[in-house]
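Accompanying notes for the structure given below.
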Amino acid sequence: MKRFVTQFSLLAILFLLLSTCLPTTAAAASLTVSPKSVTLQVGQSKTVQAKTSGVKKPVYVWKSSNTKVATVKSGKITAKAVGKATITVTVQKTKLKSTVSVTVKPKKLNAQTAFKAVNPSVATIEMYDASDRLTSTGSGFVTKKGEVITNFHVVSGESNRYARIRFANGTEVETLKLKRFDDALDLAILDVPSLQSIPTLATAKAGSTGSTVYALGSPKGVDNTITQGILSNREVFFSGQPYLQFNASVTHGNSGGPLINDYGQVIGVVTWGLPDSQNMNYAVPIQELDTLKYGRETIANVQMPTEPEYELPVVSGKGDTREQELNDSFADADVISYASGDLIGSVYDLEDVDTFVFRTDKRMTLSVFGGWMNNQQGEYWAFGLFDANGEAIRYSEEYSNEGRYYGTLDLVIPAGEYYLASFPLSGLAESEYCNQEYRMSYELK
């Protein structure tokens, strides 16, 4: 019995010695990585930390699921392109593994970097007729190989036959054809299969109102320009069509150029602006390109005759004209069709100017007599006559009778186009100008 106990004791001691010398099992080992998710802009880098327990001198192996989006070396992740990727880290000679999710967003650009990134894809477009005469200029840009996007009105003048397209790197090509177009949306895609050296631009939906935007193009035929502004309204409708409103400065020649966000992505096609306004400009959202109605056609076959300029009617007969807002500029003046009648409107504040336009075909005498309906303060309102260029001819003279104030105007005018404009005069509290109605009785004979 004593011998048996001694053998058992030796076996127990041997077991304890062996258990302390055995290597750590895989079940006891662990691997953690921090952070578990990373968001980067293109070009940025971030190092993630891997940590193991239960493994002596661990050797880490890093791998990216998409090296075009993100690469990794010794835990340092570098963003290469917009997209998503998964970074996997393992420990050699073990089954330990952990992952990091990576999201790569575009890099925000200032005006200089945006111009450098986008301008190589922006074109100046010159339209020519069958006699090779330059008829008009506009802008365009490339989002797919073999396609130049522009406005339909750029290509559809009246006698255009082909387009000459010029890029900043000196590439110059011509085309007679359209791939797709839509006159209602004012969009056209020029068919230019030889454009293999021009980079394509990424596209995106417009961001939030107030976000930074840039407009690129060739205003007045001047190549390679950029202006900066904000997205004033991300969704405005005119005649049922959606537009982006922005305040980056544009003018004739910018039509068809790209409106981009601060990531260099095209969000719209610059199309038009309101005249006599402070940079109220509009672009067709880029996603509207997917809805173009019409297929392949030649430029020559989509020409639209120029509509004759609207001509004011010669005043005749008798009738009243009530103001239609907005009419605070000569460009938006309400038309007077009658040779005699009343002009009726309201003053809303001290800055409210109302304009009316008329045309005569012979020498006539103009007589105007008018005032506020509440004539107790009529001396704070006046009107004037202006020529077709907006130059003042004569202002009203004040006339008062028993505490009531009016304005009068009498003069002989030759045949031509004229404006009558009424406006408040300073001197009252701001609230006194609100909703003051006026009437001007006039006669041309």
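Okay, here's what the table says:
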quantity	calculated
Portion, in percent, of the accessible area of the stretch 124-194 that falls on carbon or sulfur, probe 1.4 Å	45
Calculated from backbone phi, Karplus (6.51, -1.76, 1.60) coupling profile of the stretch 244-249 in Hz, x at Gly/Pro	9, 9, 9, 10, 4, 5
Percent breakdown of C-alpha pair distances by 10 Å bin, ordered from the shortest bin, for the stretch 105-253	11, 38, 37, 13, 1
Residue 53 versus residue 342: modelled label distance in nm, points set 7 Å from Cα along the beta carbon direction	9.2
Diffusion coefficient, µm² s⁻¹, Stokes-Einstein with Kirkwood Rh over alpha-carbon pairs of the chain at 20 °C and 1.002 mPa s	76
Carbon plus sulfur fraction of accessible area for the stretch 214-343, probe 1.4 Å, in percent	47
Choice from 273, 253, 170 with maximal GNM fluctuation in the chain (Cα, 10 Å cutoff)	170
1.4 Å probe accessible area per residue over the stretch 314-377, in Å²	48
Radius ratio Rg over Rh of the stretch 20-158, counting only Cα atoms, Kirkwood formula for Rh	1.35
Rounded to 10°, Cα long-axis angle of helix 2-21 versus longest principal axis of the chain	30
Listed residues 343, 109, 201, most fluctuating in the chain (Gaussian network, C-alpha, under 10 Å)	343
Average accessible area per residue (Å²) across the stretch 393-433 - probe 1.4 Å, nucleic acids and ligands excluded	59
Spread of Cα-to-Cα distances over 10 Å intervals beginning at zero, given as percent, for the stretch 193-334	10, 30, 32, 19, 8, 2, 0
Percent RCO, i.e. relative contact order, over the stretch 233-378, from Cα pairs under 8 Å lying at least 6 residues apart	15
Distance between the stretch 35-64 and the stretch 331-384 - C-alpha centres, whole angstrom	76
Net lengthening on full extension, residue 325/residue 209 (0.36 nm per residue, minus Cα-Cα)	39.1 nm
For the stretch 423-437, Karplus couplings with θ = phi - 60° (6.51, -1.76, 1.60), whole Hz, Gly/Pro x	7, x, 10, 5, x, 10, 5, 4, 5, 6, 8, 6, 6, 7, 7
Quarter of the Cα convex hull surface for the stretch 341-445, i.e. its orientation-mean projected area (nm²)	6.3
Computed P(r) (all Cα pairs; the stretch 100-178; 5 Å bins; percent)	3, 13, 22, 19, 14, 10, 7, 5, 3, 2, 1, 1, 0
In Hz, Karplus ³J(HN,Hα) per residue of the stretch 320-329 (6.51, -1.76, 1.60; θ = phi - 60°; x = Gly, Pro)	9, 10, 9, 4, 10, 5, 7, 9, 8, 10
222 nm mean residue ellipticity, helices alone, for the chain (DSSP H n ≥ 4; -39,500 (n - 2.57); rounded to 500)	-2000 deg cm²/dmol
Max mean-square fluctuation residue, GNM over the chain, Cα-Cα springs under 10 Å, options 287, 241, 49	49
Contact order relative to length of the chain, as percent, for alpha carbon pairs under 8 angstrom and 6 or more apart	10
Cα centroid of the stretch 403-429 to Cα centroid of the stretch 86-144, whole Å	57
Solvent-accessible heavy-atom area per residue, rounded to whole Å², over the stretch 209-294 at 1.4 Å	43
Net +/- balance of residues flanking residue 416 in space, Cβ distance below 15 Å, scoring K and R +1, D and E -1	-1
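The values are calculated or read from the model by the stated rules, or taken from the named source; none is laboratory data. The structure displayed is predicted, hence computed values, not measured ones. A quick note on method: Cβ atoms are made from the backbone with ideal geometry, for glycine too, and the neighbour counts reach across all protein chains shown. Only protein heavy atoms, including side chains, enter the accessible area calculation; ligands, DNA and RNA are left aside. Shrake-Rupley method; radii C 1.70, N 1.55, O 1.52, S 1.80 Å.
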